[in-house]
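The values are calculated or read from the model by the stated rules, or taken from the named source; none is laboratory data. This one's a predicted model, so the numbers in the text were calculated from it and none came from an experiment. When we count neighbours, we look across all protein chains shown, and the Cβ atoms used for this are built from the backbone with ideal geometry, even at glycine. Just so you know, the surface numbers come from the protein's heavy atoms only, side chains and all, with ligands and any DNA or RNA stripped out. Shrake-Rupley method; radii C 1.70, N 1.55, O 1.52, S 1.80 Å.
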2 protein chains.
Amino acid sequence: MLSIRKIVLIGAGNVGFHLGKRLYKKGFEIIQVFSRNKDKAKFLSEKIQAESITDFSKINTNADLYIIAVSDHAIDEVAQKLKANGIDNQLVVHTSGATASTVLKPYFAHYGIFYPLQTFRINSKPDFKILPICIDAPNKKDLKKLKKLAKKNCSDVQEINDQERANLHVAAVFVNNFSNHFYSIAEDILGQKNLSLKLLMPLIKETARNIERSSPKDMQTGPAIRNDESTVKKHLQFLEKHPEYRTLYLAISKSINAKFGNLK
Amino acid sequence: MLSIRKIVLIGAGNVGFHLGKRLYKKGFEIIQVFSRNKDKAKFLSEKIQAESITDFSKINTNADLYIIAVSDHAIDEVAQKLKANGIDNQLVVHTSGATASTVLKPYFAHYGIFYPLQTFRINSKPDFKILPICIDAPNKKDLKKLKKLAKKNCSDVQEINDQERANLHVAAVFVNNFSNHFYSIAEDILGQKNLSLKLLMPLIKETARNIERSSPKDMQTGPAIRNDESTVKKHLQFLEKHPEYRTLYLAISKSINAKFGNLK
């Protein structure tokens, strides 16, 4: 089995940017970075000694691996274009948590998943040492190649199939996107009294840290879980000036404790 | 101005337990621990060399401070009983985020707030070095005493009035209770595929860590914020077997992005 050495990266957004930098740092050769956005392609490719391209006809057909790190809705179109430009028998993966690996099946004999499970923002450096990379591929040899690649880039490699990844991605939306939205709501509510969200940082960190030791089910605190109807009502009254937050507060309190199902 | 030395602690639940231990460790004399629950009173008082009482008529009237660390709905009743048993001119505080300080006003000339802003569980040791203690008292001298006491027990003392504390407590419910509930939902969704919540720990920690550097508004990622209707619909379909989670998913996605207001 040959190892992966030369890589073409399609996409220079949040995931592509950090994955490209990591692979480069770990000694892999990123021969090209493709992005529809010329500046983004250039910005990343300059950092990782890659060629920057914005045209699929320029794609190098001699790489060992093609990583599609684009928006979910664009994966199919990118796969088509790769195929149309001579990528055929090479290994092609995408990095999405929300999209089945089989989206690639109509186009490639060798395909799979290379999904780093983390929230990526270009301006914020992720810690690859602790994040899991989830891999999958129907072909055993391809899977082995991806495993070897993942192991060089992180310490937690997980073989996760499409069905499992569907669960993982929805769960990730709850713990990341939705928790972060609540941090925003908290910031807004505090800002009305000129209080800083920093006041809540120890609480936020402890909330996250607690579940390393116990199931979150055993760590639930607050008015809803302790049947404290008077505080829940007080909070709902407080939130009357924020109908949108009030709706969320009520829905989640009901979900935590069916007791509050009759409140409106 | 005299300092606080002798303290009577009313309540040996999650907050009372840890606050009592902390005050004791920092050299304060907890002369009594009151709890309706004899075992709880004894369990704590043995650790901090206090007398354990379950009867208000036994309350020591010579303490410098009475800390009411009971459920919100019981604060008023406890205040009445303290007053009825000779506590009158001494300083009395409660530890609640959700209850106004003025609940104590009808009973005591000297009253205030001593609110450690953290989630407390008896089995989990909090880090007082980093948590904020929020204090308040209408009398300047009382406030100074509380400030001095708080400073000996934590490094972040905040003067927070009742109106500010109302905002702070609702915000705390969002970032702690509600985020923790989402960790539970994630655990449930992952459990269906025998996947562990540990897989999401790096993501959960990064989500919390990110807001130390940036406003959560600037850190929002995920399908809702990027207008990814196809992924939102896919997730809603996935959640059809969990109507309760589906309701929350939809409500929060709408709150993140009004675009999804028409989805059902």
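Tabulated results
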item	result
Of residues in the stretch B:136-159 being among the polar types (S, T, N, Q) and not in a strand (DSSP E or B), the one surrounded by the fewest Cβ atoms within 10 Å (Cβ to Cβ)	B:155
Within the stretch A:172-201, considering residues that are facing chain B (nearest Cβ under 7 Å) and part of a loop (DSSP other than H, G, I, E, B), the one surrounded by the most Cβ atoms within 10 Å (Cβ to Cβ)	A:195
Any hit, the stretch A:160-168, residues being over 22 Å from residue A:72 (Cα atoms) and surrounded by fewer than 19 Cβ atoms within 10 Å (Cβ to Cβ)	no
Positions within the stretch A:208-217 being surrounded by 14 or more Cβ atoms within 10 Å (Cβ to Cβ) and more than 7 Å from every other protein chain (Cβ to nearest Cβ), in sequence order	A:209
Matching option when the condition is part of a strand (DSSP E or B), more than 10 Å from chain A (Cβ to nearest Cβ) and surrounded by 18 or more Cβ atoms within 10 Å (Cβ to Cβ), among B:114, B:108	B:114
Members of the stretch B:39-56 found to be open to solvent by 80 Å² or more (accessible area, probe 1.4 Å) and either part of a helix (DSSP H, G or I) or at negative phi (or both), listed by number	B:39, B:40, B:42, B:43, B:46, B:47, B:51
Among the candidates B:153, B:167, residue that is in contact with a Lys or Arg (Cβ under 6 Å, 6 or more places away or on another chain) and either more than 23 Å from residue A:221 (Cα to Cα) or touching a residue at least 40 places away in the same chain (Cβ under 8 Å) (or both)	B:153
Those residues of the stretch A:218-227 which are facing chain B (nearest Cβ under 9 Å), open to solvent by 30 Å² or more (accessible area, probe 1.4 Å) and either under 22 Å from residue B:261 (Cα atoms) or of a type outside the set (A, V, I, L, M, F, W, C) (or both), in sequence order	A:218, A:226
Pair list, Cβ under 7 Å, 6 or more apart: the stretch A:177-197 residue at pLDDT 95 or above, other residue part of a loop (DSSP other than H, G, I, E, B) and surrounded by 23 or more Cβ atoms within 10 Å (Cβ to Cβ)	A:177/B:222; A:177/B:224
Answer from A:209, A:213, A:226, A:246 - the residue that is within 23 Å of the chain's Cα centre (by Cα) and among the basic types (Lys, Arg)	A:209
Cross-chain or 6+ apart pairs with Cβ under 7 Å, the stretch A:17-39 first and under 24 Å from residue A:57 (Cβ atoms), then of a type in the set (Lys, Arg)	A:29/A:5; A:29/A:6; A:31/A:6
Scan of the stretch A:228-253 for residues that are touching a residue at least 12 places away in the same chain (Cβ under 8 Å) and open to solvent by less than 80 Å² (accessible area, probe 1.4 Å), ordered by number	A:229, A:232, A:235, A:236, A:242, A:245, A:248, A:249, A:250, A:252, A:253
Residues satisfying the stated conditions in the stretch A:59-92, i.e. assigned to a helix (DSSP H, G or I), farther than 15 Å from residue A:12 by Cβ and either open to solvent by 30 Å² or more (accessible area, probe 1.4 Å) or out of contact with any Phe, Trp or Tyr (no Cβ under 7 Å at 6 or more places or on another chain) (or both)	A:72, A:73, A:75, A:76, A:77, A:80, A:81, A:83, A:84
Only one of A:154, A:134 that is within 16 Å of residue A:102 (Cα to Cα) and within 16 Å of the chain's Cα centre (by Cα)	A:134
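Okay, residues lined up against (1) of a type in the set (Asp, Glu); (2) modelled with pLDDT under 95; (3) over 28 Å from residue B:225 (Cβ atoms):
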position	(1), (2), (3)
A:80	no, no, no
A:104	no, no, no
A:124	no, yes, no
A:138	no, no, yes
A:146	no, no, yes
A:151	no, no, yes
